[in-house]
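Every number in this text was worked out from the coordinates using simple rules, so none of it is lab data. The structure presented is a predicted model; accordingly, all values stated were derived computationally and were not measured. Here the Cβ is made from the backbone with ideal geometry for all residues, glycine too, and neighbour counts use every protein chain on show.
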């Protein structure tokens, strides 16, 4: 009977990449709630060794089609640098948030 070899898988922190994240926050949130969501996303990036270069608030805009029964939403653009492994965690958190209707995360080639 041959002994099985155990494989050790190391997770390497890959080098940070530049990203742009656009997300839509539900319109029923008060201004403090919107700021809280923006701070939460920024806090996640900062606490995971990321650096934020810019946060733009585009304001409330009408949606092209209803999302979760909403016809408008608050648009936010965030430009930042973070490791790709942490980026997957960020995306998972955005998906489970009830206040964020949609998000689009793009790696900026440079």
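Computed FRET efficiency, Cβ-Cβ of residue 62 and residue 85, R0 41 Å: what is it to the nearest 0.05?
Using R0 = 41 Å, I get an efficiency of 0.70.
Compute the angle between helix 31-47 and the longest alpha-carbon principal axis of the chain, please, reported from 0 to 90 degrees and rounded to the nearest 10. The two axes meet at around 20 degrees. Against the chain, whose longest principal axis is taken from its Cα atoms, helix 84-96 shows a tilt of about 50°.
Restricting to DSSP H runs of at least four residues, report the calculated mean residue ellipticity at 222 nm for the chain, -39500 (n - 2.57) per run over all residues, nearest 500 deg cm²/dmol. Could the numbers behind the result be given before it?
On the way: 2 runs with 30 residues, N = 110.
The helix-only estimate for the chain comes to -9000 deg cm²/dmol at 222 nm.
Dividing the Cα radius of gyration by the Kirkwood radius, what Rg/Rh value follows for the chain? Here the Rg-to-Rh quotient is 1.14.
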